[in-house]
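Heads up: the structure comes next, in structure tokens.
No lab work stands behind these numbers, since they all come straight from the coordinates. Please read these numbers as outputs of a predicted model, since none were measured by experiment. Here the Cβ is made from the backbone with ideal geometry for all residues, glycine too, and neighbour counts use every protein chain on show.
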Amino acid sequence: MQIHHAFAIVILLGVCCAVGGRALPSNSTPVCLSRATPAGSMEQRTITADDNRTEIHVRVNDRLLINLGGGWDWTLDPFDETIITLATGGQALPKGAQAMLEAKKPGTVVISLSGEAPCAKASPPCAVQTRRFRVTVVVVQ
């Protein structure tokens, strides 16, 4: 039975490392350090306020959940929808999320949002400055 177990580990490592991972020993059991994504599959990444003014790299078909949190009224600014589109599918967004996007083709696009404080719609409105969020998304094949 141990021979079959060892053989299965070698095969799994071979597959992992053949698609870009590295095998390193860990407690005498080799492990693959990077998880490869098979062609045509999709991963989801959450973009948060910590990603403001950064560059993010994703693959075609990956999804981006923009979740800047609640408390502010965020509006998604227009962007190049030939590269990234609003993902549809009828699923409700998680609490505090503003949008689900899907990468459609290689290219670079800037995703930006404007946020207003809830008191901006009060009467009289508060004088809190609008917040800006911006992330550059690079889509690769």
Q. Could you give the nm distance between label points at Cys126 and Asp73, where each point is 7 Å from its Cα heading toward the beta carbon?
A. 1.3 nm
Q. Where Lys and Arg each count +1 and Asp and Glu each count -1, what net charge lies around Gln141 among other residues with Cβ under 12 Å from its Cβ?
A. +2
Q | Reachable lysines from Lys95, criterion Cα separation under 26 angstrom, eight or more residues apart if same chain | A | Lys104, Lys121
Q: Pull out the extension gain between Thr88 and Val138, defined as 0.36 nm times the separation in residues minus the alpha carbon to alpha carbon distance; nm, one decimal.
A: 15.9 nm
Q | Radius 12 Å from Cβ of Gln44, net charge of other residues (Lys, Arg +1; Asp, Glu -1) | A | 0
